[in-house]
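The values are calculated or read from the model by the stated rules, or taken from the named source; none is laboratory data. Computed from a prediction, not measured in an experiment: that's the story for all the values here. A quick note on method: Cβ atoms are made from the backbone with ideal geometry, for glycine too, and the neighbour counts reach across all protein chains shown. All accessible areas refer to the heavy atoms of the entire protein, side chains included, with ligands and DNA or RNA removed. Shrake-Rupley method; radii C 1.70, N 1.55, O 1.52, S 1.80 Å.
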Amino acid sequence: MTLQWSVVWDNWPALLHGVLLTIALTFTTMAIAVPGGILLALMRLSPIRPLNLFATCFVELFRNLPIILVVYWAFYVLPVLTGLSLSAFATGLAALCFNVSAYNSETFRAGIASIRAGQTEAGLALGMSRSTAFRTIVLPQAWRRVLPVLASTWVSLFKDTSLVSVIAVGELAYTALQIRSQTFRVLEMLTAMAAIYWLLGYPQAKLVDWIHRRMGVLE
Amino acid sequence: MTAVPPRPVIQYEGVVKTFGTFTALRGVSLEVNHGEVVCLIGPSGSGKSTLLRCTNGLEPIDSGRVLFDGVALPAQPKALYRVRQRMGMVFQSFELFPHKTALDNVAIGPITVLGMPRTQARERAMALLDKVGLADKAGSLPAKLSGGQQQRVAIARALAMQPEVMLFDEPTSALDPETIGEVLNVMKRLADEGMTMVVVTHEMNFARRVADRVVVFEKGQVVESGPPEQIFDAPKTTRTRDFLGHLGWQG
């Protein structure tokens, strides 16, 4: 068996496009799933029963389903349910957002609950409203505490974006697998794919370690 | 202390507070006059901290009334927020905001609640830190300060709202013995300036020296109330005498 690495170089524009789409998916998902997670966490901590119930169902549903299933579900069911014809990218994005928002919600809920009630009371005693006390006192502290967890979620998400390849979103996994089936250079393309994911993922994992060390010493 | 006739600032009328099956306050009635320093003493769990927390509505009461400046504490949240702006509170565990410097801890009230411009709020904060002797710690995070220093910052934070009344909830109970004095000195100075103060404390010497009136609590009720000379030298009830006796108070 002879290896033909040229297949990787010859297709670099397509691979680069795939990489950019993977990064775009990761960023966009997090940009939506962080506020989404905070919102869900607040709903779960809320005494208003319907809000609480909705958020609990949402979180428990999407946290306990395989992402790939949610991706398929979003692809086949979402258009019927909403009547919208979403692009493959938007569909994949929605599926990832459902999953990651559910995870982030639990992360934020734990972070918010870890800030003792006295902190809110100190804000209230100054005359702050509950929402101001939450925004200026509780959330910034909770944020620092959950940042390492969010960073780990980020790294998982970066790899999990590959799952949307099953609905033909042209991110890195899909692109590499396409080239593989067109050229039959299986070993080369899978190796290249692994190398690219690893090279992009490793610095992120190191960044997470660094955040863990930085944030660990507070208070 | 003042020649003007006493004007009640805080009035408690038959305040009842329960936590589940436990009754923390069994109908407490009390008045705090303008410029007065009232110390609440008594055994742990006697309700004195609960009464303090009912004063600014951190704990809702079950029956009775708490009046501030002649007006009952409002139930409507926004109105309650406005009343709280006029009362400063100092907590046993300081509750400084750990993610903000000493200066920003003091400035945060005027900035977020009063909408004061940052530079002006920081100026006011700096003056107050200077007043509590911590101007050199303005840039320090609370974790870098001693307990006594943290509590002095917390006092400055409450003063930044220019409150009409200061509520102290066992302000020295969490402190190392060597830093208690510096906090009590700041409180003494505040009292001398004429600040109306309600102080829950176990510091009997402070109560004796600084209080205009001492109120003894037991089991959610006021056992005795009077000037410190009466409470400490000639208590009228055996329960006051017993409580002080347990503390080893010799008079």
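General remarks:
- Selected residue (criterion: most open to solvent (accessible area, probe 1.4 Å)) from residues of segment B:2-31 that are touching a helix residue (DSSP H, G or I) at 6+ places or on another chain (Cβ under 9 Å) and either of a type in the set (A, V, I, L, M) or without any contact (Cβ under 8 Å) to a residue 24 or more places away in the chain (or both): B:Phe19
- Enumeration of residues in segment B:135-158 that are under 21 Å from B:Leu51 (Cα atoms) and either out of contact with any strand residue (DSSP E or B) (no Cβ under 9 Å at 6 or more places or on another chain) or within 11 Å of chain A (Cβ to nearest Cβ) (or both): B:Ala154, B:Ala158
- Checked against (1) farther than 29 Å from A:Arg130 by Cβ; (2) within 19 Å of the chain's Cα centre (by Cα), B:Ala24 passes all but a single condition, namely (1).
- Residues of segment B:84-99 that are more than 7 Å from chain A (Cβ to nearest Cβ) and surrounded by fewer than 19 Cβ atoms within 10 Å (Cβ to Cβ): B:Arg86, B:Gln92.
- From A:Ile48, A:Ile32, residue being at pLDDT 95 or above and open to solvent by 70 Å² or more (accessible area, probe 1.4 Å): A:Ile32
- Meets criteria (in contact (Cβ under 8 Å) with a residue 40 or more places away in the chain, open to solvent by 30 Å² or more (accessible area, probe 1.4 Å), among the acidic types (Asp, Glu) and within 23 Å of B:Ser93 (Cα to Cα)) for B:Glu59: yes
- Taking segment A:141-161 as the range and being open to solvent by 30 Å² or more (accessible area, probe 1.4 Å) and either within 14 Å of chain B (Cβ to nearest Cβ) or not aromatic (Phe, Trp, Tyr) (or both) as the test, the residues that pass are A:Trp143, A:Arg144, A:Arg145, A:Leu147, A:Val149, A:Ser152, A:Ser156, A:Lys159, A:Asp160.
- Boolean, B:Arg53 is within 11 Å of chain A (Cβ to nearest Cβ), among the basic types (Lys, Arg) and open to solvent by less than 20 Å² (accessible area, probe 1.4 Å): no
- If you go through segment A:83-140 and pick out every residue that is of a type outside the set (S, T, N, Q), within 22 Å of A:Leu45 (Cβ to Cβ) and away from chain B (no Cβ under 14 Å), you end up with 11.
- At least 1 residues being touching an Asp or Glu at 6+ places or on another chain (Cβ under 6 Å) is the threshold, and among the helices (runs of 4 or more DSSP H) wholly inside segment A:70-148 those reaching it are A:117-125.
- Residues that are more than 10 Å from chain A (Cβ to nearest Cβ) and open to solvent by 40 Å² or more (accessible area, probe 1.4 Å) are absent from segment B:106-113.
- Some residue of segment B:53-61 being more than 21 Å from A:Glu121 (Cβ to Cβ) and not β-branched (Val, Ile, Thr): no
- Residue check, B:Leu80 open to solvent by 30 Å² or more (accessible area, probe 1.4 Å) and more than 26 Å from B:Ala127 (Cβ to Cβ): no
- Cβ-Cβ contacts under 6 Å between residues 6 or more apart (or on different chains), taken from a first residue in segment A:87-107 that is buried (at least 20 other Cβ atoms within 10 Å of the Cβ) to a second residue that is outside any helix (DSSP H, G or I), are listed as A:Gly92/A:Val169.
Yes/no matrix, rows are residues, columns are (1) β-branched (Val, Ile, Thr); (2) modelled with pLDDT under 95:
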position	(1), (2)
B:Thr21	yes, yes
B:Glu36	no, no
B:Ile41	yes, no
B:Gly45	no, yes
B:Thr50	yes, no
B:Val66	yes, no
B:Ala72	no, no
B:Ala75	no, yes
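- Filtered residue count, segment B:204-218, keeping only those that are outside any helix (DSSP H, G or I), open to solvent by less than 50 Å² (accessible area, probe 1.4 Å) and not basic (Lys, Arg): 6
- Residue within segment B:152-172 that is modelled with pLDDT under 95 and either assigned to a strand (DSSP E or B) or surrounded by fewer than 18 Cβ atoms within 10 Å (Cβ to Cβ) (or both) present: no
- Any hit, segment B:70-82, residues being hydroxyl-bearing (Ser, Thr, Tyr), in a helix (DSSP H, G or I) and either within 22 Å of the chain's Cα centre (by Cα) or within 14 Å of another protein chain (Cβ to nearest Cβ) (or both): yes
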